[in-house]
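I have placed the structure first, in the form of structure tokens, so that the comments after it can refer back to it.
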Amino acid sequence: MEYDTMMMDNESLGPSVKISEADNMHVNFELTNVDISFANSLRRVIQAEVPTIAIDLVEFAVNSSVLADEFIAHRLGLIPLDSRQIDDLNYSRDCDCDQYCERCSVTLTLHAKCTSDEVMKVYARDLIVSHDRPNNQIGNPVIMDPDGLGPLICKLRKDQELQINCIAKKGIAKEHAKWAPTAAVGFEYDPHNKLRHLDLWYEIDAEKEWPKSQYAAWEEPPQEGEVFDYDAVPSRFYFEVESAGNIEPDTIIQEGIKELQRKLAGLIHGLGETDGMNGDYDGPRSPDQNMDGGSGWQDQGFTTPYGNAGNQSSWGGSATAYGTTPYGNSGQGGW
């Protein structure tokens, strides 16, 4: 009885998070007492809708390397840029400028020329970030390798030159993968497959051909002869979030929750009543129902394909299904 009471108390407290492992690049946690739709929504939001900054526009002044302009531009877009305090930067679509400015973008420049017989390698560290930006962190290339070089951009031989101007903008991974805040997001529930949401195909032995994950030790395995519960639903979800380096993993989770809150707030506002109307929608609407017990919109003379208030035929007489509608009255038979 004490165990059951404890479980009921935990469920009454709402969602619960238990962090099992965390560092500057990874965070593993268990989310409980939530519905699967909420857990999956959080997974999708932290993957695709947490804003970051990435190079979006590349202007080539000189490119005599063996790589085409488009190839180098694609590489530059995938270089992680520091996206901490991203809220200080505006989206370009929300800015008052024509194309980009210091309020909605960060400028990075690169000028490299090989003058020796050895191959010259151009790295992300060679990018120079302008000072016209909201703070001193945003837009800096993320360099995590021991040599402090960053991702390789291209290689130059003698007399080859690369001179470019890059414009980094704020965006989300739903628009393009270069704005993704995460390198990977692991999501798992029911490691023993007791709910039978998966059909584990096997040749000889399912236990050997489908090894259990590390989270199988966190839950009780199914007992032999246990009756299958058709009403059981998952309530424990295991997340493994790996940052791309542009934002800390815990910040990714927090920003994902904030984005979910904004989405729900917008939905509530859209469904809320404003001056007797639902939301701010001004288009055609169905007539309001009479909640005082009356017959409602049928008394107003509106007709439908299934009948009308004037005891007239649905497809004949002086009014038809489309002659008189909730959106206007032609005064004549519709057809």
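The values are calculated or read from the model by the stated rules, or taken from the named source; none is laboratory data. All values derive from a computational prediction rather than experimental measurement. In this analysis, Cβ positions are derived from the backbone assuming ideal geometry, glycine residues included, and neighbour counts consider all displayed protein chains. Accessible surface areas use protein heavy atoms only, side chains included; no ligands, DNA or RNA. Shrake-Rupley method; radii C 1.70, N 1.55, O 1.52, S 1.80 Å.
Any residue that is at positive phi and either assigned to a strand (DSSP E or B) or without any contact (Cβ under 8 Å) to a residue 24 or more places away in the chain (or both) - is there at least one of those in region 133-148? There is at least one residue in region 133-148 that is at positive phi and either assigned to a strand (DSSP E or B) or without any contact (Cβ under 8 Å) to a residue 24 or more places away in the chain (or both). Lys155 fulfils the conditions (1) assigned to a loop (DSSP other than H, G, I, E, B); (2) open to solvent by 70 Å² or more (accessible area, probe 1.4 Å) except for a single criterion, (1). Of the set (1) aliphatic (A, V, I, L, M); (2) assigned to a loop (DSSP other than H, G, I, E, B); (3) buried (at least 20 other Cβ atoms within 10 Å of the Cβ), all apply to Leu67 but (3).
Quick check on Glu220: is it of a type in the set (Asp, Glu), open to solvent by 100 Å² or more (accessible area, probe 1.4 Å) and outside any strand (DSSP E or B)?
Criteria met by Glu220.
Evaluate the following for Ile128: is it open to solvent by 60 Å² or more (accessible area, probe 1.4 Å), touching a Ser or Thr at 6+ places or on another chain (Cβ under 7 Å) and not assigned by the TED database to the domain that holds Glu248? Considered against the rule, which asks whether it is open to solvent by 60 Å² or more (accessible area, probe 1.4 Å), touching a Ser or Thr at 6+ places or on another chain (Cβ under 7 Å) and not assigned by the TED database to the domain that holds Glu248, Ile128 comes out as yes.
Quick one: which residue in Gln254, Gln261 is among the polar types (S, T, N, Q), within 30 Å of Gly150 (Cα to Cα) and outside any loop (DSSP other than H, G, I, E, B)? Step through it out loud before you land on a result.
Working: Gln261 fails: within 30 Å of Gly150 (Cα to Cα).
Only one candidate qualifies: Gln254.
For beta carbons closer than 7 Å, sequence separation of 6+ or different chains, a first residue in region 79-92 that is among the small types (Gly, Ala, Ser) and at pLDDT below 95 and a second that is open to solvent by 30 Å² or more (accessible area, probe 1.4 Å) and in a loop (DSSP other than H, G, I, E, B), the qualifying pairs are Ser92/Tyr100. How many residues are out of contact with any helix residue (DSSP H, G or I) (no Cβ under 6 Å at 6 or more places or on another chain), touching a residue at least 60 places away in the same chain (Cβ under 8 Å) and assigned to a helix (DSSP H, G or I) when one looks only at region 43-57? Counting residues in region 43-57 that are out of contact with any helix residue (DSSP H, G or I) (no Cβ under 6 Å at 6 or more places or on another chain), touching a residue at least 60 places away in the same chain (Cβ under 8 Å) and assigned to a helix (DSSP H, G or I) gives 3. Taking the criterion of being touching a residue at least 40 places away in the same chain (Cβ under 8 Å) and crowded, with 17+ Cβ neighbours inside 10 Å, the residues of region 93-119 that qualify are Tyr100, Cys104, Ser105, Val106, Thr107, Leu108, Leu110, Ala112, Cys114.
Hey, does region 193-206 have a residue that's in a helix (DSSP H, G or I), free of Cβ contacts under 8 Å to residues at least 60 places away in the same chain, open to solvent by less than 50 Å² (accessible area, probe 1.4 Å) and outside the structural domain of Val122 (by the TED database)? Can you show your working first?
Filtering region 193-206 down to residues in a helix (DSSP H, G or I) leaves 206.
Pick out the ones that are also free of Cβ contacts under 8 Å to residues at least 60 places away in the same chain and you get 206.
Narrowing further to those that are open to solvent by less than 50 Å² (accessible area, probe 1.4 Å): 206.
When the remaining residues are screened for being outside the structural domain of Val122 (by the TED database), the result is 206.
Yes, there is a match, as at least one residue in region 193-206 is in a helix (DSSP H, G or I), free of Cβ contacts under 8 Å to residues at least 60 places away in the same chain, open to solvent by less than 50 Å² (accessible area, probe 1.4 Å) and outside the structural domain of Val122 (by the TED database).
Exactly one residue out of Glu259, Glu248, Glu240 is touching a residue at least 60 places away in the same chain (Cβ under 8 Å), open to solvent by less than 40 Å² (accessible area, probe 1.4 Å) and of a type in the set (Asp, Glu), and it is Glu259. For Lys178, the conditions (1) touching a Gly at 6+ places or on another chain (Cβ under 7 Å); (2) surrounded by fewer than 15 Cβ atoms within 10 Å (Cβ to Cβ); (3) among the basic types (Lys, Arg) all hold with the exception of (2). Among the residues of region 17-34, those that are open to solvent by 30 Å² or more (accessible area, probe 1.4 Å) and not β-branched (Val, Ile, Thr) comprise Lys18, Ser20, Glu21, Ala22, Asp23, Asn24, Met25, His26, Asn33.
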